[in-house]
Amino acid sequence: MVLKRGLFSLGILFFIAGCASVSRDSFSGGERSAAINSSEVSSNDVEDSLRRPYQSPLGDVPLTENEMTKKWVNYFLGRGRKHMDLYLSRSSRYIPMMKNVLREEGLPEDLVYVALIESGFSPKAHSRSNAVGYWQFIRSTGKNFGLRIDGYIDERRDPVLSTRAAAAYFKALYNLFGSWHLSLAAYNTGENRVKNRVMRYYTRDFWELARRRTLPRETRNYVPKFIAAALIAREPERYGFSGLSFEPPLEYDAVEATNPINLKVLAEKLSIDLDEMKRLNPKFRGEYVPNYPGDKMMIRVPKGYMERAVALIPEVKMDRPAYVYQDHFYYRVRSGDTLSHIARRHRTSVGAIRRLNGLGRRSMIRVGQRLKVPQRGEMVAYVTPQNSTRSSANVNQDATYHTVRRGENLTLIARRYGVSIQKLKEINQLTQRSVLRIGQRLKLKDEEPPASSSQKIEGNSSHIVSRGENLTQIAQKYGMSLSDLKTINRLGRKSIIHVGQKLKVSSRVSRKTRKVTYHRVKRGENLTLIAQKYGVTVQQIRKENNIRPRTVLYVGKKLKVTVDTVHVVKRGENLSLIADKYNVSVKDIVKANDLPKKSLIAAGQALLIPN
């Protein structure tokens, strides 16, 4: 018995070692492998191909019916029915294209139902492990199998190219295991783990490995779930899925883009809805269609538009976008999640998630909340077409600021006011990766900010924002008023500062500064907001304007605001000396500057002296 087991083990060892030598390169990490075959055919060619009889040289996937598969059939008939209804109705849109690719690669057609349980045939599917597209490739695996993933394109979302990559992966797995059930298990959990279990338990029977619970629970369920989905998808009416509204298959012709083009302009010139063009070409992140040396860039157009599209390709030529914004996906918060955990898991920063979702430092997240999370290293181009510029007849060319509206970008704003994109970036301190927000105020003219009426700003230096700081604290630190700090840094009311941001500050402040100004109350304001704006206390505004507690502020009310005196500490001074100098108490100075008890002051430190 021991001899038989040893011989069997040795046989499996030679089998796997021999097969692994054939496909080892397929599983290696590193840079993107040679691009996959990007040739494209029309939907008519796909229909003609599928009419011909076909039998895979690698055999069919055994659709074994047992207790495990019946459990998943019952799930899709019960709790999972609403999902199966959606997936089946959507499947008819993509299955012909995918089956045609599997035929070309010599694989069983039933493998197409892997895309059903992986993504529900959705190009936008995105898992918590950052797997993307119909076949749920992570970034490294997609690149290993020839898919291009960069700032302009993600071929994991293309139904044809991603299926070619999946076919290459399944070929390698079948060469390794010689079993479709083990290949499916390896697709889910990784070939090394399955290979280890085969060697350890002397069997290439998936059901035996599942019975022994040697594979992860998800993988034990993966193969029976696939079989159940395939059985239902092949004969939906037999399982009670009748009356479904199946989407029609995509009808299209393929055109080669011989130069970079703008997809939106092409759609406009063809009188085609842009959304339809994007549904046909989900691999493009934005409107820019790049052209890579040595690679064919194919685009799909609705059937009957091929000749016109070919003629228009040179006319809709487009330069590389001037600026890009970061792509994102949606993540649903789970129990125990924190922003730092989510950021670490998806290789981004807490600040990036906060900015993308408009969260403050004290904002709480809740279970079930949908958060936008930046995709690691993936940038998507967004540029308004050259010929879609808004009319500038009513534009005020003497305007100083512009408030960003929905759909606007730097290219459009620059053209509208007759300035260059580079100039806008410089005077607004924008980088290549800066994101424009709706409501953001952009400076249009590079004018020196006027000096404050009560304080001459000179000898500007810089301050790097640290974690936990705000504008009021920074202004107090350098003995500036909040309005002066905002002025020299061209910040608006809703401007947000970020950790690491560089701010201009005044390094020389006059020993005493005092300024009386008037503020007209706006909708949504209260005394706290007004006090923060001017760097004073609520009590000070109440005292100057005879406002009692619980008094209602009316929109348009005029309030007198006196900016406090600023004192720069000199060598040898302490709080008692400074308090005596300005005829105030030490307690008042401590309270006005939020100083902790027994705190030390240093020479050069700026202190607010309450009136």
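The values are calculated or read from the model by the stated rules, or taken from the named source; none is laboratory data. Quick caveat, the model's predicted, so the values are computed rather than measured. When we count neighbours, we look across all protein chains shown, and the Cβ atoms used for this are built from the backbone with ideal geometry, even at glycine. Surface areas here come from the heavy atoms of the whole protein model, side chains and all, with no ligands, DNA or RNA. Shrake-Rupley method; radii C 1.70, N 1.55, O 1.52, S 1.80 Å.
Points to keep in mind about this one:
- In the frame of its principal axes, the range 227-308 has Cα extents of 50, 30, 22 Å, reported largest first.
- Close amide H pairs (under 5 Å, H built 1.01 Å from N) link I609 with T565, V566, H567, residues at least 5 positions away or on another chain.
- Selection from V132, L147, P159 lying farthest towards where the dipole of the range 124-170 points positive, charges on Cβ: V132
- D85 exposes around 50 Å² of accessible area when a 1.4 Å probe is run over every protein chain in place.
- Residues whose placed amide H lies under 5 Å from that of A125, excluding near-sequence neighbours: G133
- Each of the peptides 353-360, 147-154 was scored by the mean count of other Cβ atoms within 10 Å over its residues; in descending order, highest first, they stand as 147-154, 353-360.
- Going by accessible surface with a 1.4 Å probe and the largest first, L527, L182 read L527, L182.
- Surface accessible to a 1.4 Å probe, T551 within the full protein complex, Å²: 70 Å²
- Cross-link reach is defined here as a Cα-Cα straight distance under 23 Å, omitting same-chain residues fewer than 8 places apart; for K587 the lysines meeting it are K477, K512, K543, K570, K597, K598.
- Of the trypsin sites (Lys or Arg not before Pro) in the range 212-260, those whose Cβ has at most 13 other Cβ within 10 Å and which sit in DSSP loop: R212, R213
- Legend: residues L63, L410, sorted from most to least accessible area (1.4 Å probe; ligands, DNA and RNA excluded), read L63, L410.
- The range 128-220 - Debye-derived log10 I(q)/I(0), Cα point model, q = 0.13, 0.14 Å⁻¹: -0.48, -0.54
- When the residues E408, E426, E469, E256 are ordered by accessible surface, computed with a 1.4 Å probe over the protein chains alone, the sequence from largest down reads E426, E256, E469, E408.
- Using the Karplus relation 6.51 cos²θ - 1.76 cosθ + 1.60 with θ = phi - 60°, the per-residue 3J(HN,Hα) values for the range 543-556 come to 5, 5, 10, 6, 9, 8, x, 6, 6, 7, 8, 9, 4, x Hz, with x marking Gly and Pro.
- Of the chymotrypsin sites (Phe, Trp or Tyr not before Pro) found in the range 291-363, not one falls in a DSSP loop while having at most 12 other beta-carbon atoms within 10 Å.
- Expressed as a whole percent, the accessible surface of the range 170-312 that belongs to carbon and sulfur atoms is 41, based on a 1.4 Å probe.
- Overall Cα dimensions of the range 221-275, principal axis frame, Å, largest first: 47, 27, 16
- Annotation: H463 carries an accessible surface of approximately 10 Å², with a 1.4 Å probe and no ligand, DNA or RNA atoms counted.
- Table column - 3J(HN,Hα) (Hz), the range 93-98, Karplus curve with 6.51, -1.76, 1.60, x for Gly and Pro: 6, 10, 4, x, 4, 6
- Scanning residues 5 or more positions from H328 or on other chains, those with amide H under 5 Å from its amide H are Q375, with H placed 1.01 Å from N in the peptide plane.
- Residue by residue, the range 207-212 carries 3J(HN,Hα) couplings of 5, 5, 5, 5, 4, 7 Hz when phi is fed to the Karplus relation 6.51 cos²θ - 1.76 cosθ + 1.60 (θ = phi - 60°); x denotes Gly or Pro.
- The range 178-330: projected area of the alpha-carbon convex hull, averaged over directions, in nm²: 14.9 nm²
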